[in-house]
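The values are calculated or read from the model by the stated rules, or taken from the named source; none is laboratory data. These numbers were taken from a predicted model, which means no experiment stands behind them. Every residue, glycine among them, receives a Cβ derived from its backbone with ideal geometry; neighbour counts consider all protein chains shown. With ligands, DNA and RNA removed, areas are computed over all heavy atoms of the protein, side chains included. Shrake-Rupley method; radii C 1.70, N 1.55, O 1.52, S 1.80 Å.
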Amino acid sequence: MAELPAAGSDERLRLVELVNRVLDRGAVITGEVTISVAGVDLIYVGLNLVLTSVETARGKPLLPSDG
Amino acid sequence: MAERLWSYLVTHARHLPGAGWTGIGGVPLDSIIEGELAMWVSPLDIIPAREIETITAHNDVIVRATTPSITPVPVRFGQVAAEADLRSSLRDRAEHFSARLAEFSGAAEFGLRVTAVGAGAQNLHSGEFHTGREFLESLAAREQRAGVLAAAIRAELGPLVRREREDPPEGEVVARVAHLVGATDRAAYRAAVGRLAEMHEDYRFHSSGPWPPYSFAA
């Protein structure tokens, strides 16, 4: 991952503002949202709060398998 | 089209990606058209990591799609679905998206973050409290200061914005507001923010933007 600008710099503040907007705001099109915990991408499926890793989901009907 | 699609934005049906335009990971952009609306998408078989590069790439598509008369409705990062589901969403929420497109035309989002400095930074409802009463009095004082500041912001900027979204204060940040500002009001808006900063020397005003209107898309 690219190195972030120095703490307190205008560029770092701009990136913080960008990240906050892109990840937390904007229209939600589907009930399925990708979130990341400890660097692992997880799938949050609607109100069922079904959380599974992307890799696990590929082996189940949630996502198509690679093969 | 691929089985699963990453969505970036919703716009008018006549507004489509240019030839050769790409999105996250350099994958070509495509579009789904449903009635009067279009959604810009990329076929993505692998959900990308939430790193600065992919986050920036997502936003770059939305920025690139923005014209003087069309400000698309930004989609939140991470929206991946089958084409049929995306089409269904466009149909079911056509009224909402059309209303947002009309509201966003020629406008952009600006963020305002105000932090307390100098004398204003004292008693910021942080640090140790010896009694519950101290805690509550500090909280009340902070909320009162935040309310006075919010009123000043609204008085100065209200006439210049189409919509406002206020978030609760947090730590040293005593005011967090997103404004939807039309192109013809931008210069006046920036000047008004400058006046607010001059009038309130105990606070530092951080203005950012223009952004796609993420805060008003839902």
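Can you pull the mean other chain C-beta count within 10 Å for peptide B:104-112?
1
May I ask which residue of B:Leu9, B:Ile55, B:Phe135 lies farthest towards the positive end of the charge dipole of chain B, with charges of +1 (Lys, Arg) and -1 (Asp, Glu) on Cβ and the Cα centre as origin?
Checked the options; the winner is B:Leu9.
Need one number: buried accessible surface between chains B and A, 1.4 Å probe, both sides summed, DNA, RNA and ligands left out, in Å² to 100.
When B and A are taken together, about 3300 Å² of accessible area is lost.
How large is the accessible surface of B:His200 in square angstrom, using a 1.4 angstrom probe and rounding to the nearest 10?
40
Under 5 Å between amide hydrogens, which residues at least 5 positions from B:Arg76 or on another chain qualify, with H placed 1.01 Å from N in the peptide plane?
A:Ala27, A:Val28, A:Ile29
Let me know the mean shielding of B:70-80 by other chains, meaning the per-residue number of their Cβ atoms within 10 Å of its Cβ.
6
How well do other chains shield peptide B:31-41, expressed as the mean number of their Cβ atoms within 10 Å of each residue Cβ?
0
Expressed in whole Å with the largest first, what are the equivalent ellipsoid semi-axes of the range B:66-218 derived from the C-alpha gyration tensor as the square root of 5 times each eigenvalue?
36, 21, 11
Please compute the net charge surrounding B:Phe104, taking Lys and Arg as +1 and Asp and Glu as -1 over other residues with Cβ under 11 Å from its Cβ.
Overall, the nearby charge balance is +1.
Which value, in Å² and to the nearest 10, is the accessible area of B:Phe110 when all protein chains are kept and the probe is 1.4 Å?
We get 0 Å² for B:Phe110.
Evaluate the charge dipole of the range B:82-206 about its Cα centre and quote only its size in Debye, nearest 20, assuming +1 on the Cβ of each Lys and Arg and -1 on the Cβ of each Asp and Glu.
Dipole of the range B:82-206, to the nearest 20 debye: 400 debye.
Name the residue farthest towards the positive end of the dipole of the range B:149-218 from the options B:Gly182, B:Ser208, B:Ala197, assuming +1 on Cβ of Lys and Arg, -1 on Cβ of Asp and Glu, about the Cα centre.
Most positive-ward Cα: B:Gly182.
Placing +1 at every Lys and Arg Cβ and -1 at every Asp and Glu Cβ, with all other atoms neutral, what dipole size does chain B have around its Cα centre, in debye to the nearest 20?
For chain B, the charge dipole is close to 440 debye.
About its Cα centre, how strong a charge dipole does the range B:1-110 have in debye, to the nearest 20, once Lys and Arg get +1 and Asp and Glu get -1 at the Cβ?
Using Cβ point charges on Lys, Arg, Asp and Glu, the range B:1-110 gives about 140 debye.
Please name whichever of B:Gly20, B:Ala108, B:Ser31 sits farthest to the positive end of the charge dipole of the range B:1-118, dipole taken about the Cα centre and charges placed at Cβ: Lys and Arg +1, Asp and Glu -1.
B:Ala108
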